[in-house]
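Working notes for the structure below.
The values are calculated or read from the model by the stated rules, or taken from the named source; none is laboratory data. Remember, it's a predicted structure, so these values are computed and weren't measured experimentally. So basically every Cβ, Gly included, is an ideal-geometry build from the backbone, and we count neighbours across all protein chains shown.
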Ligand code: GDP
């Protein structure tokens with residue numbers, strides 16, 4: 001009997017201890033786990049929500065830019081940390097701002113040309129040196145010959161040549177070759193309430209994904225809303241890279257969690273979500289695997305066809321690395337055969353003195369250079385302005 005009594009007392013004591021421990025346990029340990037941010041919304045394709053910026057976007061009429069956190073508000077337990085959105089500068093005036101970088105890389109061949117043209121006597125040997133300098137700047141043989149022929153005639157007519165005249169002569173020739181009055185504006189001023197669609201194509205390593213991110217930023221800086229489609233599904237790093245770019249400026253990124261997923265289905269989903277979200281522009285990054293022309297053609301052709309089931313593609317921007325010279329021109333030729341390129345983005349112009357590639361590639365494709373990359377910084381992408389470029393070339 002006394003054994004039973006002892007057992008009852010022990011069980012009672014254990015229950016009291018266990019109950020006290022339960023009551024004293026930290027509250028947080030009993031709370032349900034917070035939902036993971038960016039959870040899947042669709043089946044095959046996962047879409048990642050923009051950081052909590054949608055409310056701000058709706059309120060600001062698509063401005064995109066100001067921070068979405070409420071100043072001074074305490075962090076809410078269980079919520080993902082608030083993201084402070086960046087406010088990129090507008091696209092206007094960027095090339096002038098980056099002019100020094102351009103002058104540093106390009107003025108070498110400009111000053112050589114100015115020096116040669118300023119010589120007292122311009123004999124055949126000097127003209128040959130002028131020709132060599134232009135060719136060395138990747139200008140291409142035909143434009144070089146045209147420039148030299150024009151200059152020879154004008155110099156003869158002019159008679160005397162001071163530094164100012166020489167500079168003006170050369171400026172006119174270079175601008176004539178680049179095309180000063182062509183329309184270089186991106187076709188993103190959409191009609192009605194549909195988003196404009198921009199397809200980015202180019203070989204891996206040219207800076208295509210970076211350019212998608214920079215372009216999204218610059219559009220946000222101009223007050224547009226953007227959705228990014230990560231259709232370069234063969235490189236997980238490219239998808240993550242795009243995600244980071246988007247998150248910084250509140251642009252939603254549509255991606256697939258599966259490496260090697262069908263790029264066309266991601267592109268389709270991106271356009272569908274872009275329409276549903278009512279964004280201004282959908283930018284789609286594509287895979288740049290130049291395996292075979294047929295493979296590339298199949299892949300890009302399918303992506304474009306699938307997008308066009310919903311909306312027309314307004315811009316096909318070919319991203320080319322300015323430092324690759326003739327190789328870049330070869331890539332341009334292949335891509336132009338596969339898709340209707342409507343504009344060229346020339347990246348890494350800060351890293352080469354061969355700015356003549358602008359003239360060569362425009363001639364090759366018959367489409368204008370619309371944007372230039374002038375560095376690795378997030379805002380180092382500028383709408384191409386021929387006059388600013390030529391001034392930088394001749395600034396030496
Ligand atoms: P992708 O493979 O074509 O998507 O190339 P990425 O976007 O990953 O870029 C490749 C590298 O080029 C990265 O290190 C970029 O920072 C760099 N890059 C891109 N654009 C520019 C540019 O205009 N100037 C410089 N200097 N580097 C650039």
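A few points about this structure:
- The set of residues from segment 342-359 being at pLDDT below 95, more than 9 Å from the ligand (Cβ to nearest atom) and surrounded by fewer than 24 Cβ atoms within 10 Å (Cβ to Cβ) comprises 352, 353, 354.
- Pairs where the first residue, in segment 329-358, is on the phi < 0 side of the Ramachandran plot and without any contact (Cβ under 8 Å) to a residue 40 or more places away in the chain and the second is within 16 Å of the ligand (Cβ to nearest atom) and in a helix (DSSP H, G or I), C-beta under 7 Å, 6+ apart: 329/361; 332/361; 344/361; 346/322; 346/357; 346/358
- Restricting segment 267-283 to residues that are in contact with a helix residue (DSSP H, G or I) (Cβ under 9 Å, 6 or more places away or on another chain) and in a helix (DSSP H, G or I), the residue that is surrounded by the fewest Cβ atoms within 10 Å (Cβ to Cβ): 277
- Residue 203 being in a loop (DSSP other than H, G, I, E, B), within 16 Å of the ligand (Cβ to nearest atom) and in contact (Cβ under 8 Å) with a residue 40 or more places away in the chain: yes
- Among residues of segment 246-266, those that are in contact (Cβ under 8 Å) with a residue 60 or more places away in the chain, in a helix (DSSP H, G or I) and within 16 Å of the ligand (Cβ to nearest atom), counted: 3
Conditions (1) more than 29 Å from residue 177 (Cβ to Cβ); (2) within 16 Å of the ligand (Cβ to nearest atom); (3) buried (at least 20 other Cβ atoms within 10 Å of the Cβ), marked per residue:
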{"residue": "294", "(1), (2), (3)": "yes, no, no"}
{"residue": "302", "(1), (2), (3)": "yes, no, no"}
{"residue": "305", "(1), (2), (3)": "yes, no, no"}
{"residue": "320", "(1), (2), (3)": "no, yes, yes"}
{"residue": "325", "(1), (2), (3)": "no, yes, no"}
{"residue": "329", "(1), (2), (3)": "no, no, no"}
{"residue": "363", "(1), (2), (3)": "no, no, no"}
{"residue": "371", "(1), (2), (3)": "no, yes, yes"}
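- Residues within segment 246-266 that are surrounded by 23 or more Cβ atoms within 10 Å (Cβ to Cβ) and on the phi < 0 side of the Ramachandran plot, tallied: 9
- Taken as a whole, the condition of being surrounded by fewer than 16 Cβ atoms within 10 Å (Cβ to Cβ) and either without any contact (Cβ under 8 Å) to a residue 12 or more places away in the chain or within 23 Å of residue 308 (Cα to Cα) (or both) does not apply to residue 180.
- Just one of the numbered conditions (1) farther than 17 Å from residue 367 by Cβ; (2) more than 16 Å from the ligand (Cβ to nearest atom); (3) in contact with a helix residue (DSSP H, G or I) (Cβ under 7 Å, 6 or more places away or on another chain) is not true of residue 177: (1).
- Within segment 207-223, restricting attention to residues that are within 19 Å of residue 304 (Cβ to Cβ) and near the ligand (Cβ under 7 Å from one of its atoms), the residue that is surrounded by the fewest Cβ atoms within 10 Å (Cβ to Cβ) is 211.
- Of all residues in segment 284-317, those that are assigned to a helix (DSSP H, G or I), out of contact with any strand residue (DSSP E or B) (no Cβ under 8 Å at 6 or more places or on another chain) and under 19 Å from residue 256 (Cβ atoms) total 4.
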